[in-house]
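Engineer: Quick one: structure below, then a few questions.
The values are calculated or read from the model by the stated rules, or taken from the named source; none is laboratory data. The shown structure was predicted, so the numbers you read here are calculated from the model rather than taken from an experiment. Counting neighbours? That spans all protein chains shown, and the Cβs are built from the backbone with ideal geometry, glycine included. In case anyone asks, the SASA skips ligands and DNA or RNA and just uses the protein heavy atoms, side chains included. Shrake-Rupley method; radii C 1.70, N 1.55, O 1.52, S 1.80 Å.
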Amino acid sequence: MQRSEPAEVVILERCDVVANNDEDNAALVIKFESGECDLYLRALTPCDCASWIAALREADSEGLRSRIQHLRRLIMDITESVEAHSPEREGAGAAGPVLVPKLPKVEFGLACRELGDPAQERKPNSAVQISIVNTQEHSLAAYSCTEIVEGTRDPLFLTGVTFPQDYPIGEDTRVKLTVYDVKDKSQETRSFLGYTTFSIGDLLKSKEQQLTLSLRTSDGADTVGAVVVSRLKMGEIEDGEVDHITADAGGQKMPKVYNKKREKQCTLVCESLHGTSNDKDGSPLMNAVFKNPVCKVYRFQTVDCKWMLVREQMAECTLSFNIPKQLITLYIQEDMQRIQELKDLGELSPHWDNLRKEVIAHYGQVISSYQETLTELNKLTGSSFKPSCSKSEKYLEFIPINLHTQRMQVTCPKKTDACYDVVTVGAPAAHYQGFKNGGLQRLLSRFEAEKKTFSTAYQCIYYSPEHTAKAREVLSSIGQLQPLISTLADQLMQAAQQRSPDLLKGALKTLSDKTEQFVHALKDELVKNALLALHMARPGYVTDSQPGVCNNVQKKEARPTEDGPVPLTRQDSIPHHSEYDEEEWDRVWANVAKSLNCIIAMVDRLQEHDNNNQEPASDQTLADVITSHSPGDWQEQIYPLVVTLKDCVTEVVDRATKSMTFVLLQEAACSIPQGLFLKQRRDIVFSQALAALVCGFVMRLYAGVEDKGFLQQLHLVGLIAQFESLLSTYSEEIGMLEDMEVGISDLQRVTFKITEAKSDDPGDLQPIVSGRREYYRVAVPLPHAVFEALPEEIKEGKPLQVYPVLFNVGINQQQTLAERFGDISSQERINQKNFETLEGYYKSLSDKIPLQYLPCFQTQTDLKELLETLGQNIMTKKRKNVEILWLAGTVCRRLNGIRFTSCKSAKDRTSMSVTLEQCALLRDEHELNKDYFVRALDCMRREGCRIENVQKNIKCRKYAFNMLQLMAFPKFYRPPEGTYGKVDS
């Protein structure tokens, strides 16, 4: 075909596109409001002409501008600010914000009658495009679309129309319905059938809240059928008969309902929820964390020919960026503290001093990189999620990929409303760093195997991962306990000043517990051996037994007295240039316990004396004791002992910190640069995993905050967090899986606590992360009224445990290669290991919680039996055994757990899995008619929240699959025709 240069460019602004009724009905005319000459165009056929008219009407640039302004209004509503003087508003002639009266939740279903020309043999495959008309600007904004119903002139659409709580609609809002005949779903070839419009007020005020509207051709001259718009109401079929017509599910049959009165054919649909979980979605609590909801609504038939209403709501989460930014800040603080601890080691021999400088330099590089990343993240505003196309961008590497929450609400006749949640997120992995050498699991194993060689080359002591973890644990423990002991000691002094026996007794009990915990944390051979190693690293260390010169060291050995600790001398923590006394450390930490015993004895004597003042004592021995410890002021009696305890604790902390820092110095020195590189990779993966976990925990807490059984389970046992992964064990994805495995496992270091929010302001309801790499705690604030209703154990700040488990089954064509020519042992190992964790959690739960506290499900299969079946499937050698994922998800929901679903980007395979799980729940728990199962699946995949997720990520409504890939997919993981293709993901 020859091409020519364009002759003219037409700007479609403030114009109307209509048919030009000539002889063959193949011409159209564009009429401009500005008074310019009309533009006449001709198509090859009348059908093509109608398609051009529809396309040109939707291409109006005013419609695009209207959509942009609509999005701006949504942003202003969310941030509670109004740009009263913006140029866009002034250009539109607006004098200020328009106050729209709040309407009840508006949802409606659609059906058509007698579509097309009866003379034509072919029955249309119809779909309805829903658009919002801007009457002021004469523009149109596409809003949603129904599914395609094949081969009928009287289609009943299962996909309805719903508007989010904050969508700016009023009674005067006009809706345009455009009906198309879809001739080829794979090529999206469609022709215009007819259109109609109505206002929201018309629907709400109409009798029985139903409208029957005539469909008109583009010129408005002819009628091509009718559209029935019905406000969604819960009801049953009255005097209805069921016939069958062909649906779009590969020849499946779907019921079609005929009433005696044709006008009431579609009034059997469902009614909006009033109260319950639907109100929670719009609550300040939910809006503080979950943003930009996308809502869909469906109506499906049950086995007894009644109708259920199903809502999907997908939302972004502010924690996608909030949690990683907090975590990066904590990483920077911890590494800066590590540098200071290395500097505080004091004088070292030249060899060790050079290694220390090298380690400090590398820590500095990491800190600089993290600070740069944090600066870039703080510049970002607007969106609350990271799209899949940005997964390899460096400054976003700490942010989880495509993190969204998805909730399905089900309303059935004569049944309790139900709500099912899942968090979807891309596999936590270091995409920017890549997977050429594998992921964390493989890299860490290889690194540990090589570290012994490094330690010999650097003249270091080899410390196992358990030893270095213990060193970090000791540093973390003393970092938490020292200030706590100091605070408790001060509280003891205050109680003594008030001469309150009860307060004194309580303060002493708490101080004793924490001090014993402190001493126990330091009674480890690692600390003792590390002190010797540090002594050997000092300048001028001598190996013979000749005593050297030591500054401020008493020649006479100080021994503990019978009633108190060894007198402390102000000297260096580790003696220089002298033979190391291996027993000195034992004496130092034993002094802490002795100091505490002295305080306990003094408190006992003071309280005994106080009791004897109330009852005259006849025991002369007691009088002697009182004489030897004159009563005076209680605070004066206790003060010297408290000072001694604090000094002893400070001495122990100083020595222990230096010794454990030296252990970590050796680990870092013999692992540069690989060790620090792995630490960065682990930080990145953990950041993504933690953001997803906190999002899921908050969503689960909000949903169960009024459930006493759930709250009891939460503080007595904790929650299971079940991650479902669909990654293959081949090529790059096995590296992603290795990253994900370590990231999910590291979540065991996280606990939660519930706090009372300062106010109901969204900023005060954001979770707060604290701690260091060995241990993190996430504080989740709740409003005062909600917090007060919680069990006392939770209100007192009890740590709440979460048990993360990961199950993986690859389903794509790469997994086929792995199963036939590669290795799937990593998947088998992961599933077996995490099954044991899940089984252990169930046993712990059974011991502490009556199982009747768990949620009730329609399926009566025993939990223990489900676990046994899961275990058998894991042991069975079966290709793409997705039943493992189905069983694990079912067990998680039965255990009140948190559900996560992941693949590489959480948009394609994840969408197939989420929609399949939703339809399986409708079938198993809500008696979805089996003839509707595949059609419900196709509705959710074609026009549901998941295709909107794809649009948000890649600006295209196509799942990133091709036909060859789908041939390798399990049957129920294949999307409907026309919804997939080759796209950049």
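Engineer: Considering each residue of region 795-825, count those that are surrounded by fewer than 19 Cβ atoms within 10 Å (Cβ to Cβ) and not aromatic (Phe, Trp, Tyr), and give that number.
Structural biologist: Total satisfying the criteria: 12.
Engineer: Here is a list of conditions, (1) farther than 17 Å from Leu443 by Cβ; (2) open to solvent by less than 10 Å² (accessible area, probe 1.4 Å); (3) aliphatic (A, V, I, L, M); (4) in contact with a strand residue (DSSP E or B) (Cβ under 8 Å, 6 or more places away or on another chain), and Leu665 meets all of them except one; can you say which number that is?
Structural biologist: Going through (1) farther than 17 Å from Leu443 by Cβ; (2) open to solvent by less than 10 Å² (accessible area, probe 1.4 Å); (3) aliphatic (A, V, I, L, M); (4) in contact with a strand residue (DSSP E or B) (Cβ under 8 Å, 6 or more places away or on another chain) one by one, Leu665 breaks only (4).
Engineer: Step by step: first the residues of region 961-974, then only those that are open to solvent by less than 20 Å² (accessible area, probe 1.4 Å) and touching a residue at least 40 places away in the same chain (Cβ under 8 Å), then the one that is nearest to Glu312 (Cα to Cα). Which residue is that?
Structural biologist: Tyr973
Engineer: Is it the case that region 942-951 has a residue that's polar (S, T, N, Q) and within 20 Å of Val425 (Cα to Cα)?
Structural biologist: The answer is yes; a qualifying residue exists.
Engineer: Determine which member of the set Tyr370, Tyr298 is among the aromatic types (Phe, Trp, Tyr) and out of contact with any Phe, Trp or Tyr (no Cβ under 7 Å at 6 or more places or on another chain).
Structural biologist: Of Tyr370, Tyr298, the one residue that is among the aromatic types (Phe, Trp, Tyr) and out of contact with any Phe, Trp or Tyr (no Cβ under 7 Å at 6 or more places or on another chain) is Tyr298.
Engineer: Please go through region 466-525 and pick out each residue that is in contact (Cβ under 8 Å) with a residue 12 or more places away in the chain and not in a helix (DSSP H, G or I).
Structural biologist: Across region 466-525, the qualifying residues are Arg499, Lys523, Asp524.
Engineer: Another question, then. Quick one: which of Leu156, Leu177 is farther than 26 Å from Leu56 by Cα, of a type outside the set (Lys, Arg) and within 41 Å of the chain's Cα centre (by Cα)?
Structural biologist: Leu156
Engineer: Looking at (1) buried (at least 23 other Cβ atoms within 10 Å of the Cβ); (2) of a type in the set (Gly, Ala, Ser); (3) over 24 Å from Lys907 (Cα atoms), which one does Gly709 not meet, given that it meets all the others?
Structural biologist: Going through (1) buried (at least 23 other Cβ atoms within 10 Å of the Cβ); (2) of a type in the set (Gly, Ala, Ser); (3) over 24 Å from Lys907 (Cα atoms) one by one, Gly709 breaks only (1).
Engineer: If the requirement is being touching a helix residue (DSSP H, G or I) at 6+ places or on another chain (Cβ under 6 Å) and modelled with pLDDT of 80 or more, which of these qualifies: Ala469, Ala495?
Structural biologist: Ala495
Engineer: Can you name the residue in region 875-901 that is in a helix (DSSP H, G or I) and more than 19 Å from Ile720 (Cα to Cα) and, of all such residues, is farthest from the chain's Cα centre (by Cα)?
Structural biologist: Result: Met875.
Engineer: I need the full set of residues from region 159-179 which are at pLDDT 85 or above, crowded, with 18+ Cβ neighbours inside 10 Å, over 23 Å from Tyr932 (Cα atoms) and not β-branched (Val, Ile, Thr), in order please.
Structural biologist: Lys176, Leu177
Engineer: Within the group Glu977, Glu927, Glu948, which residue is open to solvent by 20 Å² or more (accessible area, probe 1.4 Å), of a type in the set (Asp, Glu) and under 24 Å from Leu887 (Cα atoms)?
Structural biologist: Glu927 is the lone residue from the list that is open to solvent by 20 Å² or more (accessible area, probe 1.4 Å), of a type in the set (Asp, Glu) and under 24 Å from Leu887 (Cα atoms).
Engineer: Follow-up. For Trp307, are the conditions met, namely being under 30 Å from Val410 (Cα atoms), aromatic (Phe, Trp, Tyr), in contact (Cβ under 8 Å) with a residue 60 or more places away in the chain and open to solvent by less than 30 Å² (accessible area, probe 1.4 Å)?
Structural biologist: In short, yes.
Engineer: Okay, next question. Within region 732-783, track down each residue that is open to solvent by 20 Å² or more (accessible area, probe 1.4 Å) and part of a strand (DSSP E or B).
Structural biologist: Passing the criteria: Lys753, Thr755, Glu756, Ile768, Ser770, Gly771, Arg772, Tyr775, Arg777.
Engineer: Something else now. Take Gly282 and tell me if it is at pLDDT below 95 and more than 24 Å from Gln951 (Cβ to Cβ).
Structural biologist: Criteria not met by Gly282.
Engineer: Between Leu885, Leu851, which is surrounded by fewer than 17 Cβ atoms within 10 Å (Cβ to Cβ) and either in contact with a strand residue (DSSP E or B) (Cβ under 9 Å, 6 or more places away or on another chain) or of a type in the set (A, V, I, L, M) (or both)?
Structural biologist: Answer to the selection: Leu851.
Engineer: Within region 351-363, can you find the residues that are in contact (Cβ under 8 Å) with a residue 12 or more places away in the chain and open to solvent by 30 Å² or more (accessible area, probe 1.4 Å)?
Structural biologist: His351, Glu358, Ile360, His362 - these are the residues of region 351-363 that are in contact (Cβ under 8 Å) with a residue 12 or more places away in the chain and open to solvent by 30 Å² or more (accessible area, probe 1.4 Å).
Engineer: Taking the residues in region 132-157 that are assigned to a strand (DSSP E or B) and open to solvent by less than 10 Å² (accessible area, probe 1.4 Å) as candidates, determine which candidate is modelled with the highest pLDDT.
Structural biologist: The selected residue is Val149.
Engineer: Applying the selection to region 371-426, what residues are at pLDDT 95 or above, part of a loop (DSSP other than H, G, I, E, B) and among the charged types (D, E, K, R)?
Structural biologist: Across region 371-426, the qualifying residue is only Glu397.
Engineer: Hey, another quick one. Given (1) at pLDDT below 60; (2) part of a loop (DSSP other than H, G, I, E, B); (3) open to solvent by 40 Å² or more (accessible area, probe 1.4 Å), where does Lys123 come up short, assuming only one miss?
Structural biologist: Among (1) at pLDDT below 60; (2) part of a loop (DSSP other than H, G, I, E, B); (3) open to solvent by 40 Å² or more (accessible area, probe 1.4 Å), the lone unmet condition for Lys123 is (1).
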